[in-house]
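K.L.:
Just dropping this structure here.
The values are calculated or read from the model by the stated rules, or taken from the named source; none is laboratory data. None of the values given here were measured: they were computed from a predicted structure. Neighbour counts are summed over all protein chains in view; Cβ atoms, including those assigned to glycine, are modelled from backbone coordinates with ideal geometry.
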Number of protein chains: 2
Amino acid sequence: MTQIVVVGSIALDSVETPLGRRDNALGGSSTYFSLSSSHYTKTCLVGVAGTDFPKSALDLLQKYGIDLEGLEIKDGKTFRWGGRYKSNMNKRDTLYTELNVFENFQPSLPPAYRKSPILFLGNIHPELQLQVLHQMENHPLTALDTMNLWIDISRDSLLDVISKVDILFINEDEIRQLNGTSSILTAAKKTLQSGPQFLIVKRGENGAMLFHKDKLFIMPAYPIENVVDPTGAGDSFAGGFMGYLSTRNLKELSLKDYKNAMVHGTVMASFLVETFSTDRLVSVTRESIQHRVQNLLEMICVD
Amino acid sequence: MTQIVVVGSIALDSVETPLGRRDNALGGSSTYFSLSSSHYTKTCLVGVAGTDFPKSALDLLQKYGIDLEGLEIKDGKTFRWGGRYKSNMNKRDTLYTELNVFENFQPSLPPAYRKSPILFLGNIHPELQLQVLHQMENHPLTALDTMNLWIDISRDSLLDVISKVDILFINEDEIRQLNGTSSILTAAKKTLQSGPQFLIVKRGENGAMLFHKDKLFIMPAYPIENVVDPTGAGDSFAGGFMGYLSTRNLKELSLKDYKNAMVHGTVMASFLVETFSTDRLVSVTRESIQHRVQNLLEMICVD
């Protein structure tokens with residue numbers, strides 16, 4: 001089994017959307033990613049939580065086979081985030097951010113993690129992402145996610161870590177901002193020249209685009225009747241994407257493998273948005289994933 | 001050759017977008033549609049223009065083989081529209097609408113048009129669309145486009161004509177409005193029950209969706225580096241869509257034919273948006289259409 005290591009935030013989120021609200025629910029990039037990728041392979045989580053982190057959440061992560069040797073429980077409170085979505089679910093306001101124990105997070109990989117063939121650097125400070133990369137003892141297939149904050153305050157470190165990874169996940173506004181252009185196509189070309197072999201531009205309810213050399217693959221979102229809460233969709237997408245790749249021969253990955261990874265990422269994100277927090281992400285079965293994969297292929301293929 | 005009849009507006013548009021402006025340029029739904037479909041088959045235009053309609057515009061339509069027997073030139077001025085697009089090109093303000101000779105348009109089909117196998121009812125008053133339908137002497141494959149104005153002021157007639165057509169083109173906001181729901185999926189189901197066999201929901205820069213029975217096909221827009229002017233994109237899409245269908249055996253149209261029609265509609269719309277007015281739409285060659293069709297298929301297909 002091709003093991004994945006994920007480094008990222010662990011949070012207790014309070015989220016309000018037009019369809020309801022949920023307080024202090026399990027969230028954070030490494031949580032969404034690992035619960036998504038755990039449907040595909042063994043996932044090792046590196047992160048930090050406070051002593052207030054509920055035992056039920058730990059039990060949940062363990063129930064899905066997530067390796068928690070890299071999870072540090074520190075004196076203090078868990079990272080907390082509060083947000084409210086506007087009516088179209090595409091825009092959200094951050095109501096508060098309490099970094100708490102996450103503020104001094106110094107990721108340290110257990111020895112058993114350091115030779116993992118796949119590494120996902122979730123959205124944390126690029127300096128920390130670099131630290132993690134340096135702890136790896138092989139050359140894992142490495143993917144990176146980031147956010148506008150790091151483009152604003154830590155651009156050089158971000159460009160440095162981007163230059164060292166194979167796959168970059170970034171949303172459409174961020175890639176425009178990173179490259180100083182309103183054209184996604186122009187921005188994508190520039191970023192592909194800066195290091196990553198594969199670039200995934202996330203577009204929320206409009207799906208995602210995969211760029212590789214001069215190739216472009218465009219994927220719509222899976223149509224969902226009622227989107228309840230999109231928080232974590234990007235990380236669940238990345239979890240399905242990297243999870244699918246983990247089932248392939250990493251030495252011989254083809255563009256078709258990456259296109260299928262887009263399909264699996266899209267499907268995992270589609271489950272995530274149907275409920276608050278990780279409710280649906282964890283309850284999904286292998287059969288329901290496969291069913292949506294087939295549906296989605298029919299919805300996008302001409303033949 | 002399978003002849004298409006199109007009924008719709010003929011306009012002189014003044015359009016301002018973030019990339020420039022153009023005054024009194026050739027526009028109108030039947031114009032965009034016919035210049036698009038003329039790349040596929042003979043197209044017969046039914047519409048009205050004023051005595052101010054430039055000879056150069058008539059020459060252009062004729063140069064592309066468009067049959068103008070159904071074009072009426074009436075004393076008075078041509079329909080004029082002025083609009084301004086916001087920075088993201090998805091929203092526009094109407095600056096003025098002068099109906100002029102279009103106000104009393106009473107479409108009358110020349111006898112040679114009345115047995116055409118394909119009919120496109122462009123966006124005009126649903127009562128006029130019904131009148132045109134009644135003038136047909138066979139049962140043509142009929143498609144309809146509409147707009148929010150008719151949902152507001154002529155809902156019953158609109159529902160009547162929708163119930164009588166095979167294919168409905170409508171944008172995402174309009175289908176929500178028509179069915180009183182924010183969910184496109186729910187709205188599409190309801191509309192499919194009201195008559196049309198095929199429903200195309202247009203989503204601007206996010207592409208279009210094709211609904212048929214319980215099937216859904218999702219098509220992204222063709223990525224264009226610099227969108228200059230999206231005015232007429234929907235009609236150019238419909239022109240490529242119906243134009244492609246005209247090249248197939250109408251008695252044996254399959255879902256795959258309709259999916260390919262989505263591809264061709266998307267490609268024709270992608271040419272249209274690259275310039276103001278119809279500049280690029282008319283200059284496009286068979287080879288460049290085929291080239292983009294191949295590109296687009298690669299961008300959406302997993303295999």
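K.L.:
Restricting attention to the range B:268-291, does a residue exist that is within 12 Å of another protein chain (Cβ to nearest Cβ) and either modelled with pLDDT of 95 or more or not in a helix (DSSP H, G or I) (or both)? Walk me through how you get there before you give the answer.
P.N.:
So in the range B:268-291, the residues within 12 Å of another protein chain (Cβ to nearest Cβ) come out as none.
No, there is no match, as no residue in the range B:268-291 is within 12 Å of another protein chain (Cβ to nearest Cβ) and either modelled with pLDDT of 95 or more or not in a helix (DSSP H, G or I) (or both).
K.L.:
Collect the residues in the range B:151-168 that are surrounded by fewer than 18 Cβ atoms within 10 Å (Cβ to Cβ) and within 23 Å of B:Met219 (Cα to Cα), keeping them in residue-number order.
P.N.:
Across the range B:151-168, the qualifying residue is only B:Asp166.
K.L.:
Is there any pair linking a residue in the range B:101-127 that is touching a residue at least 12 places away in the same chain (Cβ under 8 Å) to one that is basic (Lys, Arg) and assigned to a loop (DSSP other than H, G, I, E, B), with Cβ under 9 Å and at least six apart or on different chains, and which?
P.N.:
B:Val101/B:Lys77
K.L.:
Would you check which residues across the range B:287-303 are in contact with a His (Cβ under 8 Å, 6 or more places away or on another chain) and touching a residue at least 40 places away in the same chain (Cβ under 8 Å) and list them?
P.N.:
The one that is in contact with a His (Cβ under 8 Å, 6 or more places away or on another chain) and touching a residue at least 40 places away in the same chain (Cβ under 8 Å): B:Ile289.
K.L.:
Give the residues of the range A:39-73 that are within 18 Å of A:Val273 (Cβ to Cβ) and of a type in the set (S, T, N, Q), sorted by residue number. I'd like the intermediate steps shown before the answer.
P.N.:
To start, the set of residues in the range A:39-73 that are within 18 Å of A:Val273 (Cβ to Cβ) comprises A:39.
Matches in the range A:39-73: none.
K.L.:
What number goes with the only condition from (1) under 17 Å from the mean Cα position of the chain (by Cα); (2) of a type in the set (Val, Ile, Thr); (3) assigned to a helix (DSSP H, G or I) that B:Thr231 does not pass?
P.N.:
(3)
K.L.:
Return a yes/no flag: does the range B:252-267 have any residue that is crowded, with 20+ Cβ neighbours inside 10 Å, in a helix (DSSP H, G or I), in contact (Cβ under 8 Å) with a residue 24 or more places away in the chain and more than 12 Å from chain A (Cβ to nearest Cβ).
P.N.:
Looking for residues that are crowded, with 20+ Cβ neighbours inside 10 Å, in a helix (DSSP H, G or I), in contact (Cβ under 8 Å) with a residue 24 or more places away in the chain and more than 12 Å from chain A (Cβ to nearest Cβ), one finds at least one in the range B:252-267, hence yes.
K.L.:
Can you name the residue in the range A:22-43 that is over 14 Å from the mean Cα position of the chain (by Cα) and in contact (Cβ under 8 Å) with a residue 40 or more places away in the chain and is also surrounded by the most Cβ atoms within 10 Å (Cβ to Cβ) among such residues? Reasoning before the result, please.
P.N.:
Our first condition is that a residue be over 14 Å from the mean Cα position of the chain (by Cα); within the range A:22-43, this holds for A:22-26, A:39-42.
Still in the running and in contact (Cβ under 8 Å) with a residue 40 or more places away in the chain: A:22, A:24-26, A:39-42.
Working: A:Arg22: 19, A:Asn24: 15, A:Ala25: 19, A:Leu26: 27, A:His39: 22, A:Tyr40: 23, A:Thr41: 18, A:Lys42: 17.
Looking at residues that are over 14 Å from the mean Cα position of the chain (by Cα) and in contact (Cβ under 8 Å) with a residue 40 or more places away in the chain, I get A:Leu26.
K.L.:
Could you list, in sequence order, the residues of the range B:174-228 that are under 20 Å from A:Val227 (Cβ atoms) and away from chain A (no Cβ under 12 Å)?
P.N.:
Hits for the range B:174-228 are B:Ile175, B:Gln177, B:Asn179, B:Gly180, B:Lys190.
K.L.:
When you go through (1) buried (at least 18 other Cβ atoms within 10 Å of the Cβ); (2) over 23 Å from A:Asp235 (Cβ atoms) one by one for A:Cys301, which number turns out not to apply?
P.N.:
That leaves (1) as the condition not met.
To keep it simple, each residue is scored yes or no on (1) among the acidic types (Asp, Glu); (2) touching a helix residue (DSSP H, G or I) at 6+ places or on another chain (Cβ under 6 Å); (3) assigned to a strand (DSSP E or B); (4) within 23 Å of A:Leu133 (Cα to Cα).
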residue	(1), (2), (3), (4)
A:Ser9	no, yes, no, yes
A:Ser36	no, yes, no, yes
A:Thr41	no, yes, no, yes
A:Ser56	no, no, no, no
A:Ser87	no, no, no, no
A:Gln106	no, no, no, yes
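K.L.:
Turning to a different aspect of this structure: Would you call B:Ala221 assigned to a loop (DSSP other than H, G, I, E, B) and of a type outside the set (Phe, Trp, Tyr)? Even if it seems obvious, please write down each step before you answer.
P.N.:
Values: assigned to a loop (DSSP other than H, G, I, E, B): yes; of a type outside the set (Phe, Trp, Tyr): yes.
Judged against the criteria, B:Ala221 is a match.
K.L.:
Within the set of pairs 6 or more residues apart or between chains, which connect a residue that is under 19 Å from B:Ala25 (Cα atoms) inside the range B:79-92 to a residue that is of a type in the set (Phe, Trp, Tyr) with Cβ atoms less than 8 Å apart?
P.N.:
Here the result reads B:Phe79/B:Phe102; B:Arg80/B:Tyr96; B:Trp81/B:Tyr96; B:Gly82/B:Tyr96; B:Arg92/B:Tyr85, each pair linking the range B:79-92 to a residue that is of a type in the set (Phe, Trp, Tyr).
K.L.:
Given the options B:Asn123, B:Asn171, B:Asn148, name the one that is under 16 Å from the mean Cα position of the chain (by Cα), surrounded by fewer than 14 Cβ atoms within 10 Å (Cβ to Cβ) and either of a type in the set (Lys, Arg) or on the phi < 0 side of the Ramachandran plot (or both). Give the derivation first.
P.N.:
Details: B:Asn123 fails: surrounded by fewer than 14 Cβ atoms within 10 Å (Cβ to Cβ); B:Asn171 fails: surrounded by fewer than 14 Cβ atoms within 10 Å (Cβ to Cβ).
The conditions single out B:Asn148.
K.L.:
Sticking with this one: Would you say A:Leu60 is in a strand (DSSP E or B) and in contact with a helix residue (DSSP H, G or I) (Cβ under 7 Å, 6 or more places away or on another chain)? Walk me through it before giving the result.
P.N.:
Details: in a strand (DSSP E or B): no; in contact with a helix residue (DSSP H, G or I) (Cβ under 7 Å, 6 or more places away or on another chain): yes.
No, not satisfied.
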